[in-house]
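The block underneath contains the structure these notes are about, expressed in structure tokens.
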């Protein structure tokens, strides 16, 4: 009984991490829409889109394959993984953060300086050690080093904006939170704050080894983090409403990330004979959870939007319906991604991302130019369905196909 209670408590912590992380936008966004209206929100949304896209690339796939590697590693191997990850991600951030800042400055139609700073700060979030703590099965540590500091700083920024502070204060808060997380994360993980020179020297080799995953992440940002920027190029008048429903959907999906986060450690620490069984059970857990979450989102999204965007942007029932289906598809896709990593098929995720991006770019640009925000959402749904379909084929039929191909070559 005590073991069951401990498992429930641990699982609850995995949900608490994204739940508290979702609180900061609930305060910051209403403050900035109240103070700066739809124009301010559009500038921030574009910067967040580009900054998060750069962060996903700069993260170099460590969030995908890292937790399960950490879960199976001993103390010495964990230290090596931590140093290697931080050194390679730091190099990537130094290159990509200025690019995100410049792109945000160019695409934003107003508040350009604030957009540039926010884009830079969002990219710096790639340095977070949460992936490592997740692999160590320490959700409470993630709360202490990342969630709570970010929450406190962004809430303070939101209150300052409400009282008349410039939008730049939001970027300063995000960047400060990133620095605090890096320092506290190294301390609580019992790792060096600054990697040894060896980790930097071997960085290029590590990046090459993870190139398939990194390439898949590069492709994935096109349809996960860049849709707002894509819509802004073909339908500028739709940016505010599209960004509202897209950001609400992504916030909700971040909130739901507790399920795959908890399953990462559960699947990764399974004995060799049980890993396949656990990975397949996780598929059902993610699908069932996704269905319930989609229904909840459909009911609550229009009401949440009225509060979150201070009634300056409205969300129709049709937009909420399409986004609810996106929630279901993404939850199922997360389950398949986890299983592919567990069953040594992580490279198939890159293939799925490529297919989804090819469909997504054409669909989002074409449909958004014709139908505005609702067209952009349908484009997002089509690319998510493409990615899920490829992962389903890869997990259930990919290994058999590869085995038959090798037999034929032999």
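Just a few scattered comments:
- Some residue of the range 201-224 being in a loop (DSSP other than H, G, I, E, B), modelled with pLDDT under 90 and out of contact with any helix residue (DSSP H, G or I) (no Cβ under 6 Å at 6 or more places or on another chain): yes
- Residue count for the range 161-185 under the criterion of being farther than 30 Å from residue 112 by Cβ and surrounded by fewer than 20 Cβ atoms within 10 Å (Cβ to Cβ): the result is 2.
- Scanning the range 296-317 for residues that are surrounded by fewer than 13 Cβ atoms within 10 Å (Cβ to Cβ) and at pLDDT 80 or above yields a count of 3.
- Residue within the range 148-156 that is surrounded by 24 or more Cβ atoms within 10 Å (Cβ to Cβ) and either under 29 Å from residue 189 (Cα atoms) or assigned by TED's automatic domain parsing to the domain that holds residue 40 (or both) present: no
- Among the candidates 120, 132, the residue that is within 17 Å of the chain's Cα centre (by Cα), at pLDDT 90 or above, surrounded by 24 or more Cβ atoms within 10 Å (Cβ to Cβ) and assigned to a helix (DSSP H, G or I) is uniquely 120.
The values are calculated or read from the model by the stated rules, or taken from the named source; none is laboratory data. The structure displayed is predicted, hence computed values, not measured ones. Quick reminder, even Gly has a Cβ in these numbers, built from the backbone with ideal geometry, and neighbours come from all protein chains shown.
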